[in-house]
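The values are calculated or read from the model by the stated rules, or taken from the named source; none is laboratory data. Just so it is clear, the model here is predicted, and its values are computed rather than measured. Neighbour counts run over all protein chains shown; Cβ positions are idealised from the backbone, glycine included.
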Amino acid sequence: MANYENAIEIKGLTKKYDGFTLDNISFNVPKGSIMGFIGQNGAGKTTTIRALLGIIRFDSGSINMLGLDNREHEYEIKEQIAAVFDELPFQEMFTAKQLSIMMGGIYRDWDKVTFEKYLDRFQLPARKKCGKFSKGMKMKLQIAAALSHNAKLLIMDEATTGLDPVVRNEILDIFREYLQNEERSILMSSHITSDLEKIADSVTFIDRGKLLLSGYKDDVLDTHAMIRCSKSDYAEIDKADFISARLTDFGAEVMVADREAAKKKYSGALIEKTTLEEIMLFYVNAAKKEWN
Amino acid sequence: MEKRKSAPIWGLFYREFYPTLKELVACYAVGIALCIVFYLIKLSMEIGNLANMSGGNLEMLKMTLPGYAIYLPGVLFMAEVNGSMSAFQFEMTPKFRCFTASIPVSEWKFVGVKFLTSASILVVGILAAFLNAAIMCSIYDVAFDKTIIANLLLCAVGVSIVCAGLYLFNYLFRSPMAAVIAYLVVMYGVVIGWMVPHFEEIEQLATENEMDAVSLILEDITDFSTAFLPFSVPCIIAVLWLGWVLCALLAKRREK
């Protein structure tokens, strides 16, 4: 396998459909890290993931995964990656044991012992049809399969959607363990920003096919801030200084991208830390500038 | 870096074959049970209750029953290919297509595995049908000749068309109900298209003697299948392959 700094490198990815365009998307997922890929429904997250997996042909741009071009070295890459989806992609009549047999006949590096260890750890019955599993169990089964062929890159497409907080927490713990090996990376697409705040090293926001923001999560959270003020104070804030503002009957919440500059300029204002969810909301409404 | 070829695929064969196992066993169990029933009927016609039937009825039974015994279990064995194709429905779901794109197996190998699995099941079904026909011919003292082989192969073609065609329609219309309706329209269209030129003849014969009308239809089918015999095997392969490949290509096009 080639030496590489970034597990995924996307440059200028563009794909046009009727009514939707994935427009010049560029971001990297550094090796050994977890990238949160955030956007509302229909933003283009799944389209981007489909381009990564080669399901769709993009109109322009390039994608490198694990240091290799994803079209030239398709099979070498796919031996080393695993994808996890929000629904179980296997027929529900299979048991975990049969799944292991099937995967053993597909992946050269399939490790049956590792898979069985994960089944024990997740308390998944090996001989029960996976159609009878709960949603959480199905997700754990997918993850067990994904982690059992020495994959260097996990691609998660809304994998934690619909799971209860206990199961989601368990899954996040597994990812932390997975990333202890610095050769491994995760791209996690989700609109549950609270999960990504707990685990992501970097985040990329996408909306309506356009990249809004990409960077290290801590940097993004540190640089962005929320100004909460009255209507009269809001009137004094320069529109060029903020992303967008949510207006209420009592005042305004204003998202700024440069906390330090805002502190200096609006020293009397209440400037608070913000969350990824709020950042996403305010960026999505950036075109409107003011919304409620 | 040298490009690696796509991964081994025996896991995919297992995946294709396993879901059909239950239906396969059930189908063959019913087929074998039918064979036993036909054997018992023959015994009864010789030395049992049916032997006491009035002459005309017994003769009618002796004339018609061998046909059912030779062909009916055989069609059942061959129709089991339907079981392998029923998995197809699941595979056009978006999440499954994403999964297939994430594994190191080319799309053509994926389709090829499906084809080989269906073809294997159909070939085994055809062999079982021939075996059944040979046994029933020996039980009912009927010559196991070229006509029977031709008719069985024509049945195999028919079964392939039914199975591949139904699922192709299912995929095109994305609705099982619409697929069945469209399919029935096509099938009845074909049957009516055959019957219309013969309609007056059959009607006339049927008013004089129903058996002559039936014989005329059977003769036409037998003549057709005998003429079709050399083409039947390539036809089966082509129909099965066409069904799978067309669906895979259409699915690809939908994705783009």
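Looking at this structure, is A:Ser185 closer than 30 Å to A:Glu74 by Cα and in contact with a Gly (Cβ under 8 Å, 6 or more places away or on another chain)? Write out each step before concluding.
Working: closer than 30 Å to A:Glu74 by Cα: yes; in contact with a Gly (Cβ under 8 Å, 6 or more places away or on another chain): yes.
Considered against the rule, which asks whether it is closer than 30 Å to A:Glu74 by Cα and in contact with a Gly (Cβ under 8 Å, 6 or more places away or on another chain), A:Ser185 comes out as yes.
So, A:Ile106, is that one in contact with a helix residue (DSSP H, G or I) (Cβ under 7 Å, 6 or more places away or on another chain) and either more than 18 Å from A:Arg184 (Cβ to Cβ) or aliphatic (A, V, I, L, M) (or both) or not?
yes
Being of a type in the set (Ser, Thr, Tyr) and assigned to a strand (DSSP E or B) is the filter here; which residues of region A:200-234 pass it? Step through it out loud before you land on a result.
Just the residues of region A:200-234 that are of a type in the set (Ser, Thr, Tyr), to begin with: A:202, A:204, A:214, A:216, A:223, A:230, A:232, A:234.
Residues satisfying the conditions are A:Ser202, A:Thr204, A:Ser214, A:Tyr216.
Listed residues B:Val113, B:Val142; which is in contact (Cβ under 8 Å) with a residue 12 or more places away in the chain and within 14 Å of chain A (Cβ to nearest Cβ)? Quick ask: steps written out before the conclusion?
On the way: B:Val142 fails: within 14 Å of chain A (Cβ to nearest Cβ).
The match here is B:Val113.
Could you tell me whether any residue of region A:23-41 is in a loop (DSSP other than H, G, I, E, B) and out of contact with any strand residue (DSSP E or B) (no Cβ under 7 Å at 6 or more places or on another chain)? Let's see the steps before the verdict.
Start the filter on region A:23-41 by keeping residues that are in a loop (DSSP other than H, G, I, E, B), which leaves A:31-33, A:39-41.
Among the residues that remain, those that are also out of contact with any strand residue (DSSP E or B) (no Cβ under 7 Å at 6 or more places or on another chain) are: A:41.
Checking region A:23-41: at least one residue is in a loop (DSSP other than H, G, I, E, B) and out of contact with any strand residue (DSSP E or B) (no Cβ under 7 Å at 6 or more places or on another chain).
Scan region B:23-39 and report the pairs whose first residue is touching a residue at least 40 places away in the same chain (Cβ under 8 Å) and whose second residue is surrounded by 17 or more Cβ atoms within 10 Å (Cβ to Cβ) and outside any helix (DSSP H, G or I), with Cβ atoms within less than 6 Å and a gap of 6+ or a chain change.
From residues that are touching a residue at least 40 places away in the same chain (Cβ under 8 Å), the pairs are B:Leu24/B:Glu80; B:Cys27/B:Glu80.
When both residues are 6+ apart or on different chains and their Cβ atoms are under 7 Å apart, which pairs have a first residue that lies in region A:154-169 and is more than 14 Å from chain B (Cβ to nearest Cβ), and a second that is of a type in the set (D, E, K, R)?
A:Thr160/A:Arg168; A:Thr160/A:Asp195; A:Leu163/A:Lys135; A:Arg168/A:Asp195
Residue check: is A:Thr95 surrounded by fewer than 23 Cβ atoms within 10 Å (Cβ to Cβ), within 13 Å of the chain's Cα centre (by Cα) and within 11 Å of chain B (Cβ to nearest Cβ)?
Values: surrounded by fewer than 23 Cβ atoms within 10 Å (Cβ to Cβ): yes; within 13 Å of the chain's Cα centre (by Cα): no; within 11 Å of chain B (Cβ to nearest Cβ): yes.
Judged against the criteria, A:Thr95 is not a match.
Are any residues in region A:156-175 within 15 Å of the chain's Cα centre (by Cα) and either among the hydrophobic types (A, V, I, L, M, F, W, C) or assigned to a helix (DSSP H, G or I) (or both), and if so, which ones?
Result: A:Met156, A:Ala159, A:Arg168, A:Ile171, A:Leu172, A:Phe175.
Which residue is nearest to the chain's Cα centre (by Cα), if the candidates are limited to region B:88-100 and must be within 20 Å of A:Gly104 (Cβ to Cβ) and either outside any helix (DSSP H, G or I) or modelled with pLDDT of 75 or more (or both)? I'd like the intermediate steps shown before the answer.
Going through region B:88-100, the residues within 20 Å of A:Gly104 (Cβ to Cβ) turn out to be B:96, B:99-100.
Then keep just the ones that are either outside any helix (DSSP H, G or I) or modelled with pLDDT of 75 or more (or both); that gives B:99-100.
Details: B:Phe99: 31, B:Thr100: 29 Å.
By that ranking, first place goes to B:Thr100.
Could you tell me which residue of region A:153-167 is nearest to A:Phe85 (Cα to Cα), considering only residues that are surrounded by fewer than 21 Cβ atoms within 10 Å (Cβ to Cβ) and not β-branched (Val, Ile, Thr)?
My answer is A:Glu158.
Could you check, for region A:98-109, whether at least one of its residues is among the acidic types (Asp, Glu), in the same structural domain as A:Gln180 (by TED's automatic domain parsing) and within 17 Å of the chain's Cα centre (by Cα)?
We begin by selecting, within region A:98-109, every residue among the acidic types (Asp, Glu); these are A:109.
In the following step, the residues that additionally are in the same structural domain as A:Gln180 (by TED's automatic domain parsing) were identified as A:109.
Then drop every residue that is not within 17 Å of the chain's Cα centre (by Cα), which leaves none.
No, the conditions are met nowhere in region A:98-109.
What are the residues in region A:238-251 that are farther than 23 Å from A:Glu197 by Cα and modelled with pLDDT of 90 or more, if any? Let's see the steps before the verdict.
Step one: of region A:238-251, the residues farther than 23 Å from A:Glu197 by Cα are A:238-241, A:247-251.
Correct list: A:Leu247 only.
Taking region A:27-44 as the search range and keeping residues that are surrounded by fewer than 22 Cβ atoms within 10 Å (Cβ to Cβ) and of a type outside the set (S, T, N, Q), which one is nearest to A:Asp207 (Cα to Cα)? Step through it out loud before you land on a result.
Step one: of region A:27-44, the residues surrounded by fewer than 22 Cβ atoms within 10 Å (Cβ to Cβ) are A:28, A:30-33, A:40-42.
Next cut, of a type outside the set (S, T, N, Q) only: A:30-32, A:42.
Numbers: A:Pro30: 22, A:Lys31: 25, A:Gly32: 26, A:Gly42: 8 Å.
Ranking the qualifying residues of region A:27-44, first place goes to A:Gly42.
Determine whether A:Gly36 is touching a helix residue (DSSP H, G or I) at 6+ places or on another chain (Cβ under 6 Å) and either within 27 Å of A:Asp218 (Cβ to Cβ) or not hydroxyl-bearing (Ser, Thr, Tyr) (or both). Working first, answer last.
Numbers: touching a helix residue (DSSP H, G or I) at 6+ places or on another chain (Cβ under 6 Å): yes; either within 27 Å of A:Asp218 (Cβ to Cβ) or not hydroxyl-bearing (Ser, Thr, Tyr) (or both): yes.
Yes, satisfied.
Quick one: count up the residues across region A:235-252 that are closer than 13 Å to A:His224 by Cα and part of a strand (DSSP E or B).
Here is the first cut: in region A:235-252, the ones closer than 13 Å to A:His224 by Cα are A:241-244.
Keeping just the survivors that are part of a strand (DSSP E or B) gives A:244.
So the answer is 1.
Can you confirm whether A:Ala151 is farther than 29 Å from A:Ile8 by Cα and in a loop (DSSP other than H, G, I, E, B)?
Working: farther than 29 Å from A:Ile8 by Cα: no; in a loop (DSSP other than H, G, I, E, B): yes.
Taking the combined requirement at face value, the residue does not satisfy it.
May I ask you to verify whether B:Phe110 is more than 16 Å from A:Ile106 (Cβ to Cβ) and of a type in the set (Phe, Trp, Tyr)?
Details: more than 16 Å from A:Ile106 (Cβ to Cβ): no; of a type in the set (Phe, Trp, Tyr): yes.
The answer is no for B:Phe110.
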